[in-house]
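The values are calculated or read from the model by the stated rules, or taken from the named source; none is laboratory data. Note that this is a predicted model, so its numbers are computed, not measured. Here the Cβ positions follow ideal geometry from the backbone for every residue, glycine too, while neighbour counts run over all protein chains shown. Accessible surface is based on the protein model in full, side chains and every heavy atom, while ligands, DNA and RNA are left aside. Shrake-Rupley method; radii C 1.70, N 1.55, O 1.52, S 1.80 Å.
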Amino acid sequence: MAARRASFNAKLNQIKPVPASVQLLEKQLTSGEPTVRDAGLVSITKVKPPAEPLTDLIAKLIEHQNWYVRRTASAAIARCAEIEESATLAVHNVAASRLSHKDPDVRKCAARALLAVVKSSQGTTPPPSSSLGVLREKLSEKKEDSEKKEDLETSGEPSTDAGSDTESISSEDSMFGAAGAEGVPGQVGQLAIEEIALRLDSKSAQVRKLAIESLIRLESTASAYSEKLAKMLDDKDVTVRNAAFASFKILGAYCNAGIENVATLLRNPKSRTRADANRVIHVIAAHSGKEVSEAVFQQLQILDREKSPSKQKKERVSPTRKAELARFCDWHVGMRTVLTCLCELGPLSAPYSKLIADYIETKDVQIRAIAVRTLIAGGAEVGNNLKAIRSRLSHPDPDVSRAAVDVLRGLGSLNSAIPLTMGKLLQEDSDGAGTEAIRARCQALKILGGSGKHTKRFLSDISRELENAEFQIRRAALETLVDLKEHGAPAGVEISRRLLHADPVVRRTAVETLGRMGTHAGEYIGRVEALQDTEEDPDVQKAIKSAMSLAKETLGDKYVAESPKNKNEGQERRKSVGGGRRLSASGAASPQSPASPKSKKAK
């Protein structure tokens, strides 16, 4: 009997007496009347109940079955944070511990309370619960009522509907009654921030997502955790990854401290992580382009220092090195990803073109192609490193020299120095031309073909190459004039003069050129058809038919055949000059064609 009495007394002693002020506060905070609940919230800082009973009550109410009681409890936590004795208990023991609660609404209410504490400590108004998606759902609510409610939440004005819970300024979606601006000490606000950040390492994906969403609403305060947010782009859960991506998109320049971590993810072994990192980099580049390009270039330098596995000798690798390499993808995959990212950054990659140009010589076809596109995407500023690109035109590997030609061709329309250099090469005398000279001339013509308006002053020089004795140069000149499109139209006069050249090979080349120029050949396409009546060479005749067929397909209704009257006049004119053309075949220069550089020198 004595033992039972002793046990009963021990249990009785464990029961903590609840002060009358706390009992009254419980009745107020659980009341169905919003005005009564508001009065209870205001009384917390006035009455200042004992800390432990007060926080125990709020811990019980934040898990209450009624939604409005839970939301009132979240506002009460912010009120408790204003009191020195109960601030730490309210933040650490009540709110922070509920961030991992199994009920999602309890988790959101706890997060809302911590956000209110942080905002109050920073001198701003606590956010509404809608900022965390904390909204009351009514299944029977009509669409019109729902739209009206959304407008009400946006405006922040109380509802005037009779019988509505929002008749008071304390609506279910407000933090009215929480701590006011500068009501919470700064150290308490910092404690709340740290509690939220700790949940970034939670085992639950839902808790990690809630922590990220809470940090997003802290704006500049979240910058200290941007590196951690960057690492969460590699999270196992897709919702967490999407929340991390949204944090960089919403916070903007506040997340610049995590740029290097994002750039490192470009070498992640998971393809989805590399793709997400690339997306984030483009988001950041919109406001911090220089910082982003520097971070991505650092990854290129790291890869450049590491030799390609295909070039390395098989050596023993330490377990530590193996673990480090396992964090990153294959060298070739990483190089392609980093170069592609730089290519998509466009002109931001121009300052690093010197190192990028080195990858024109790589044996990996895909890396070489991406390097070419990256240099072209760099724009006119790449012209500062033209020497590094031009030196590879004479590379013994034809693939490398071809890649250099593609780069200069792509940059020709953006940088006038490139077509100027190539045009001067065409103006040089080609006496005693060897294999290297022929290749250089063909390269110059191909580069001029992509230089657009900057090629105008060299059109006569390009047209003169149609008379060159080398087939490769003639073909390159033909393709250049065709590739120039509207910029090559003024060359029609020079090309049409080659229709009367003594050499049938030159005439055939001129015919093919005008035929393939299509609409850009202008009125000179008619001279090709007129040539058919006087031409004797069967190869030229065949080229004329092909050119006219192509012209009809290209021009369509715009094609107009030469009239009979003009046709007869043209025949007589060509017969009168036919003798001159035949004389030029014996060695004299044709009066209808421009004199070659040789003949000018002889004169």
(request) Check Lys236 against each of (1) open to solvent by 10 Å² or more (accessible area, probe 1.4 Å); (2) in a helix (DSSP H, G or I) and name the one condition it does not meet. (result) (2)
(message) Given (1) buried (at least 20 other Cβ atoms within 10 Å of the Cβ); (2) more than 31 Å from the chain's Cα centre (by Cα), identify the lone condition not met by Ala230.
(response) (2)
(request) Consider Val262 carefully, then state whether it is open to solvent by 20 Å² or more (accessible area, probe 1.4 Å) and either under 21 Å from Cys343 (Cα atoms) or free of Cβ contacts under 8 Å to residues at least 60 places away in the same chain (or both). (result) no
(message) Could you check the range 54-68 and list, in sequence order, the residues that are open to solvent by less than 10 Å² (accessible area, probe 1.4 Å) and under 46 Å from the mean Cα position of the chain (by Cα)?
(response) Ile62
(request) Keeping to the range 85-125, report how many residues are closer than 13 Å to Glu63 by Cα, in contact (Cβ under 8 Å) with a residue 40 or more places away in the chain, surrounded by 24 or more Cβ atoms within 10 Å (Cβ to Cβ) and of a type in the set (Val, Ile, Thr). (result) 0
(message) On the basis of being within 24 Å of Ala388 (Cα to Cα), at pLDDT 90 or above and aliphatic (A, V, I, L, M), does Leu448 make the cut?
(response) yes
(request) Go through the range 441-474 and count every residue that is under 40 Å from the mean Cα position of the chain (by Cα) and surrounded by fewer than 18 Cβ atoms within 10 Å (Cβ to Cβ). (result) 3
(request) Name the residue, out of Gly492, Gly488, Gly522, Gly526, that is at pLDDT below 90 and either within 48 Å of the chain's Cα centre (by Cα) or closer than 16 Å to Leu448 by Cα (or both). (result) Gly522
(message) Looking only at the range 400-413, filter to residues that are in a helix (DSSP H, G or I) and open to solvent by 20 Å² or more (accessible area, probe 1.4 Å); which one of those is nearest to Leu448 (Cα to Cα)?
(response) Arg409
(request) Determine which member of the set Asp358, Asp330, Asp397 is of a type in the set (Asp, Glu) and either more than 30 Å from Thr435 (Cα to Cα) or surrounded by 21 or more Cβ atoms within 10 Å (Cβ to Cβ) (or both). (result) Asp330
(message) Could you tell me how many of the residues in the range 273-297 are free of Cβ contacts under 8 Å to residues at least 12 places away in the same chain and assigned to a helix (DSSP H, G or I)?
(response) 2
